[in-house]
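Below is one structure, written out as structure tokens; the observations come after it.
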Amino acid sequence: MHNDSLELIEELTLLEGISGYEGKVSSYVQKALEGIGTIEKDRIGNLVCTISGTNPEASTLLFAAHMDEIGFLVNDFTPEGFLRVQPVGGWNPATLSSAEVDILNRNGAPVRGVFGLISPHFLPKGKAPSLPALEDLFIDVGAASASEVHGLLGIDIGSRVVPAGRFSYREETGTLISKALDDRIGVAALIDLAFRLKEEPAAHTVYLAFTVQEEVGARGAQVLSHYVEADAAIIVEGAPADDIPGGAVRPQTSVGRGAHVRVFDPTHIGDPSLLSLIDTLHESGCTVIQKSVRKGGGTDAAHLALAGRGIPSVVVGVPVRYAHSHYGVCSIYDYDQLVNLLFAVCEYMG
């Protein structure tokens with residue numbers, strides 16, 4: 001399973017697909033799920049793959065992961081040929097200086113650039129370097145003028161900007177590094193779940209939803225909530241890990257210690273019956289989990305839990321260090337435990 005899953009994760013994470021421009025990811029998902037279920041696409045771009053269960057009387061299960069990643073849009077050029085950008089999704093400016101990016105020009109070709117910031121050599125005497133604000137940063141593509149940016153490189157106002165992607169896996173530790181793990185790791189998990197359901201069909205009808213624009217307010221989930229119907233929903237995320245220096249005194253979401261299960265965040269309270277089922281699956285050895293209560297953040301659950309007359313919902317995922325930056329770190333062990341959890345829910349849900 002590891003080799004196939006690693007290839008799947010690598011291919012998904014290296015695709016470009018910022019919020020509102022998820023087309024490449026959507027096409028990949030549709031191709032990956034050919035022959036497994038019936039796929040429908042709504043007008044905002046959400047995909048829903050329906051996998052019929054063996055028992056028409058059984059309850060229906062919704063699993064959801066978002067396809068978009070955070071990025072930028074070009075919103076201005078300086079006369080000297082530097083780019084100014086508008087963030088799409090939440091960024092920490094402290095992570096951006098000297099980071100490589102690809103700007104998609106009008107032909108869709110990537111133009112490599114780097115985030116720049118004034119050198120300490122040129123700061124006023126006695127002024128120490130400080131954390132930059134986003135408006136202090138710019139992208140250098142090696143152009144000498146705005147006309148070169150536009151005419152020679154084909155970069156326009158509105159051109160998309162994404163982290164320059166590289167994928168690596170360390171077999172000794174089972175850890176991988178890539179961009180867009182939030183939430184391509186969740187997308188990969190749902191595709192792996194679909195493969196397992198093809199081999200071992202569940203009694204329940206399963207809906208696999210791949211949503212758009214989560215990083216800018218869960219807009220795809222808002223649309224989905226107007227027409228989706230299910231008896232329970234599992235939202236699958238690349239969950240921020242807090243097991244780093246300066247993080248929580250007692251981390252609740254650690255890399256390498258199992259699937260993340262969220263009891264609470266400010267936008268959603270996990271359904272007690274689903275949390276109880278997950279506890280039972282953990283205690284029976286089906287999966288390894290780590291539960292958390294979050295003081296911040298939110299997911300598609302904020303809207304999917306409120307669909308129709310309400311859908312009992314819970315958020316699960318793979319712990320990811322350095323979420324909302326150029327690269328994240330996660331564990332293939334946690335990924336396996338997550339897929340085991342999702343499949344076990346399909347098997348044991350009442």
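Taking the stated definitions as given, is Val255 open to solvent by 60 Å² or more (accessible area, probe 1.4 Å), closer than 25 Å to Leu176 by Cα, of a type in the set (Val, Ile, Thr) and part of a loop (DSSP other than H, G, I, E, B)? Can you show your working first?
Working: open to solvent by 60 Å² or more (accessible area, probe 1.4 Å): no; closer than 25 Å to Leu176 by Cα: yes; of a type in the set (Val, Ile, Thr): yes; part of a loop (DSSP other than H, G, I, E, B): yes.
Criteria not met by Val255.
Among the residues making up segment 340-350, a single one is open to solvent by less than 10 Å² (accessible area, probe 1.4 Å) and farther than 13 Å from His282 by Cα: Cys346.
Taking the criterion of being buried (at least 24 other Cβ atoms within 10 Å of the Cβ) and out of contact with any Lys or Arg (no Cβ under 8 Å at 6 or more places or on another chain), the residues of segment 302-336 that qualify are His303, Leu304, Ser313, Val318, Val320, Tyr335.
Restricting attention to segment 60-86, the residues that are open to solvent by less than 40 Å² (accessible area, probe 1.4 Å) and farther than 30 Å from Glu229 by Cβ add up to 8. For segment 176-220, filtering for residues that are among the small types (Gly, Ala, Ser) and over 14 Å from the mean Cα position of the chain (by Cα) leaves 3. Is it true that Ala99 is touching a residue at least 12 places away in the same chain (Cβ under 8 Å), touching a strand residue (DSSP E or B) at 6+ places or on another chain (Cβ under 8 Å) and within 16 Å of Cys346 (Cβ to Cβ)? Judged against the criteria, Ala99 is not a match. From the list Thr280, Thr299, the one residue that fits, being over 20 Å from Thr205 (Cα atoms), at pLDDT 95 or above and not in a helix (DSSP H, G or I), is Thr299.
Looking at Leu306, Leu341, just one residue is farther than 28 Å from Ser5 by Cα and either among the hydrophobic types (A, V, I, L, M, F, W, C) or in a strand (DSSP E or B) (or both), and that residue is Leu306.
So, Leu153, is that one under 26 Å from Val111 (Cα atoms), open to solvent by 40 Å² or more (accessible area, probe 1.4 Å) and in contact (Cβ under 8 Å) with a residue 12 or more places away in the chain or not? Yes; evaluated as a whole, the condition is true for this residue.
Only one of Ala189, Ala202 is part of a loop (DSSP other than H, G, I, E, B) and either at pLDDT 95 or above or surrounded by fewer than 23 Cβ atoms within 10 Å (Cβ to Cβ) (or both); which? I'd like the intermediate steps shown before the answer.
Working: Ala189 fails: part of a loop (DSSP other than H, G, I, E, B).
The match here is Ala202.
Asp265 meets each of the listed conditions (1) free of Cβ contacts under 8 Å to residues at least 60 places away in the same chain; (2) open to solvent by 20 Å² or more (accessible area, probe 1.4 Å) apart from (2). Do we have Val25 as hydrophobic (A, V, I, L, M, F, W, C), open to solvent by less than 30 Å² (accessible area, probe 1.4 Å) and more than 20 Å from Phe343 (Cβ to Cβ) here? Yes; evaluated as a whole, the condition is true for this residue.
In contact (Cβ under 8 Å) with a residue 60 or more places away in the chain and assigned to a loop (DSSP other than H, G, I, E, B), is that true of Val249? Answer is no for this residue.
Does Val236 satisfy the criteria of being closer than 19 Å to Leu342 by Cα and touching a Gly at 6+ places or on another chain (Cβ under 6 Å)? Talk me through it step by step, then tell me what you get.
Values: closer than 19 Å to Leu342 by Cα: yes; touching a Gly at 6+ places or on another chain (Cβ under 6 Å): yes.
Yes; evaluated as a whole, the condition is true for this residue.
If I filter segment 90-115 down to residues being in a loop (DSSP other than H, G, I, E, B) and under 17 Å from Gly158 (Cβ atoms), which single residue comes out as most open to solvent (accessible area, probe 1.4 Å)? Top of the filtered list is Asn107.
The values are calculated or read from the model by the stated rules, or taken from the named source; none is laboratory data. Note that this is a predicted model, so its numbers are computed, not measured. Virtual Cβ from ideal backbone geometry, glycine too; neighbours counted across all protein chains shown. These area figures cover heavy atoms from the full protein model, side chains too; ligands, DNA and RNA do not enter into them. Shrake-Rupley method; radii C 1.70, N 1.55, O 1.52, S 1.80 Å.
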